[in-house]
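Since the structure comes first, as C-alpha cells, the remarks are kept for the end.
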Amino acid sequence: MTDDNAARRGAGAREPSKIGTRGPSTLSVRPAGLADPVGGARLRLDELLGRALERLGGPEAEIGVLGIGDAFAPEAPAAVERPDRTEPAVPVQVYAGHAVVGPLPGGDGSSAAPCPHCLARRWQAVRSVALRDALELGGETRAAGEWPYATPFAADALAALVTALRDQPPADGGPFPAIRLLDLRTLTVRHYPLVPDPECPRCATPRTDTAEDARITLRPAPKHRAGTFRLRPIESYDIDVAAFANPVCGALGPSVVHDVSSTSTSATIGCFSMRSGEYLRETFWGGHADSFGRSNRIGVLEGMERYAGMRARSRVTSVTGSYEEFGADAVDPREVGLYAPEFYRDNPRVRPFAPDRRIPWVWGHSLRDDKPRLVPEVLTYYHAPGLENRFVQESSNGCASGGCLEEAIYFGLMEVIERDAFLLTWYGQQPLPEIDPATSDRPATRHMVDRLAMYGYRARFFDTRITFPVPVVTAVAERFDGGPGRMCFGAGAGLDPESALDSALCEIATDAVNLQGRTERDETRLRAMAEDFAQVTALHDHPLVYGIPEMGEYAGFLLGDRGTGRQGPPEPPRAVADLRWPDPSGAPASPDLREDLRRCVDAVTSAGFDVVVVDQTMPEQRRLGLYTVSVLVPGLLPIDFGWSRQRARTMPRMRTALRAAGLRDRDLTPEDLNPAPHPFP
C-alpha cells in the first residue's frame, strides 16, 4: 500500500537459482571431542529454571532452542512441545546470549494468536544469510562450543520474568501479542509484537481457493476527505512498526533504516528474505514521505503488500490443468505476454507456455463479466514455489493495498495503466506534451521542484495519456549540466492529476539527490551495462544505468526539442488542470471511491480489455483492516526487469496502440522501437 506521496517500486523478481537439496543442520554438529553443545545445557537450564519457578510459585515453563533445526522444513518438530503437561507451559526459547519468553499460553484469546513455532519461523527468517544457509541447506556454520548461559543466575532472571508476566499480564498493546527478549548477559528485557505466521504448519488455517470465495461485489466506499482516494488516513491504522521490523521476529525483516543521506524526502527502507532453492532472495520495501514516522508506516504497508503478493500464504491452490481445458473461464497467458523465443532457448530451465501444459491456477474475479475467472498462479503470485510451473517471472505490477477491496483495486488498476502508458511511450519513442509544474495548485509540489533545482536537477513532467482518459504523468529529473547522475524517471496515475504528478515527483525527488554519488561509486559496472544491455539483469539496473551521461541519447525523443514523430513547433506546456477527466456531472472525482473505480474500469473494458482481480489479503492484514489485491488486465503491457525479459516489446499492443490512439499514422515495426532498456524504477 503506497500513499499518494509515496514512491512505488516494482518488486521485479529475479530468476531463482537451481534447486538445492536440504542437508542436515550443521549447527548441532559438534567439533571432535566436544560434548553435545546444546542438549546438556538445555537440560541444565530446564532443571535450574524449574527450581527457580517453584521457589517463586511461578507457572511451568518449557525450554526450547532456536537455531538447531530448520523451522521451515515440512517435517520440522514443534518449537516447544511437552504432551505430559496438565497446564499450558510458558514457552522459553534460547539462542546465543538470549532467552525469548512467549508467546504466552492463550495468546490474545483468539484463534489467530501465534504459537511458539510461529516465533521459531519468524526468528529464522531474520537471521543472517550464513546462519540460514546452515539451517536450511547444511552450510559450513558449526557450533563453537558448549552454550555457556545455563547458570543459576540466568535461571533466576528468567523465572522472575516468567512469573511477573503471569502475575501482571501486560495491558492490551495492539493487535499482536508481545514476546519478551531477555539478554542473559546484561539482564536487559525488551518486548516485540509477534505477528502470526500465515504459513505456520502448527496454527495457521489456510482456506481452500474456490471460485465462490473469489467473487467480488463492489460496495460503497466513502472517502475520508475530498481530494483523496483513501477511505482512511494512514495514521488511523493500528500499525506498530516494531511488529514488522525487529531483530527477533520481525515479520518483514530485522530492521527499518532511515536514509539520513536523502535531502529531499525522509526515506526509509527495510528488507525481508525468502528462499528459492539455494538462492535467498531479498525483497526491499520502503516509504518516501516528508517525515520518518510517516515513511515507516508507508513502508510497512508496502512490505506487507509485497509479502502477500509473492506467494499464496493463506490459501491452498485447488486447480491444476491446462488452458485448453478451461478456455474462456481462464486468462490466456499469451495475452499477458511471453518472452521472446531466444529467452527460452538460452534458459532451457524455463519452459515456454503451451496451451496443453498443466499448471496451477488461482481464482480471480472478472469485473467486466462479473464472474470468477482462473488466473495462472505465476501471474499473480510472482514468487510462487515450483520453477517447473513458470513460463515468465512476474513482478508486483498491479499489486496494491487499501482499507477496503475497492480502494486496493483502484490503486492496483492505476498502477497497471501507468506502467502500460510508460512502456508504450518509452519503447515507442513517443514525444509527449509537457506539463508546467508551476501551474500546480499544491505549494509542496512547487517547492519540491525548486528544491531539486538547488541540487542541480530540472524536474520535468509529461502528459502520458495514451489509450485511456485516466491522468498519467511521467516525471524526469534531468541534470542541468548533463554530468554523472544524468537522469531518473518516475510515474504516477490517478483521477486527480495533482496526485498523479505528486506521486511521480516523489519518485524522482527521492532518487535524484543520491544518483550522482551512486553513479560515480558504481561507474565501471554501469558503463559496462551502457555498452552491453545484456548486462542489465536486475530491477535496479534499469534506473541506475541512466546515471551514465551517454544514456541520455535514448531519451532524446522525450527531452529534446524535437523527437520521433513530432510535427511542427513544440506546443506550449500544459497546465496540470488540463489533465482532468471530469465525470458526466463535471466533477473530477466522486465522494465514493466505488464510483471512481467503476468509471476507470468502464474506460478499460470499453477499450476491449478485461479487469481481473485476485484477493491476496493475508490474515494479519485483515486484522489491521487492510486488503491486498493483484489486478491483471490481459493485453496491457507488463513491466519486466532484465533486458532479455522484455515482454512488452513483442506484444501486439506495442505495435498498434500509438496508432490506435491517433499518435502515429501507422503501426510500429521492430525498427521503430527504442533500442535501450526502459528506465522505470
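The values are calculated or read from the model by the stated rules, or taken from the named source; none is laboratory data. Bear in mind that the values here come from a model prediction, so they are computed numbers and not experimental data. Positions of Cβ are generated from backbone atoms using ideal geometry, with glycine treated the same way; all protein chains shown enter the neighbour counts. Accessible surface areas use protein heavy atoms only, side chains included; no ligands, DNA or RNA. Shrake-Rupley method; radii C 1.70, N 1.55, O 1.52, S 1.80 Å.
Summary table
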| read-out | value |
| --- | --- |
| Note, ³J(HN,Hα) from phi for the stretch 613-623, Karplus 6.51, -1.76, 1.60, rounded to Hz, x at Gly and Pro | 10, 10, 7, 9, 4, 8, x, 5, 6, 4, 5 |
| Residue-averaged 222 nm ellipticity for the chain, from DSSP H runs of 4+ at -39500 (n - 2.57), nearest 500 | -8500 deg cm²/dmol |
| Residue (of F343, I359, F326) at the positive-pole extreme of the stretch 324-368, dipole from beta-carbon charges | F343 |
| Solvent-accessible surface (1.4 angstrom probe) belonging to L280, in square angstrom, nearest 10 | 30 |
| Dipole of the stretch 156-290 [Lys/Arg +1, Asp/Glu -1 at C-beta], most positive-end residue of S266, Y237, A159 | Y237 |
| Inter-centroid distance (Cα atoms) of the stretch 642-656 relative to the stretch 299-331, Å | 23 |
| Amide H partners (placed H, <5 Å) of R281, local residues excluded | M274, R275, S276 |
| Percentage relative contact order, the stretch 453-508, counting C-alpha pairs under 8 Å, at least six apart | 31 |
| Mean-position separation - Cα centroids, the stretch 118-180 and the stretch 336-401, in angstrom | 39 |
| Cα centre as origin, Lys/Arg/Asp/Glu Cβ charges: the chain dipole, Debye | 520 |
| Rh by Kirkwood over Cα pairs, then Stokes-Einstein D for the chain at 0.890 mPa s and 25 °C, µm²/s | 91 |
| Nearest-20 debye value, the stretch 280-356 charge dipole, Cβ charges on Lys, Arg, Asp, Glu | 500 |
| R458 long-range amide H proximity, modeled H, under 5 Å | E478, R479, F480 |
| Relative contact order (%) - criterion: Cα under 8 Å, at least six apart; region: the chain | 16 |
| Probe 1.4 Å, all protein chains present, accessible-area order of E302, E434, largest first | E434, E302 |
| Positive-end residue of T464, S440, Q124, charge dipole of the chain with Cβ unit charges | Q124 |
| Relative contact order %, the stretch 272-409, counting alpha carbon pairs below 8 Å whose residues are six or more apart | 22 |
| At most 12 other Cβ within 10 Å, DSSP loop - trypsin sites (Lys or Arg not before Pro), the stretch 198-283 | R225 |
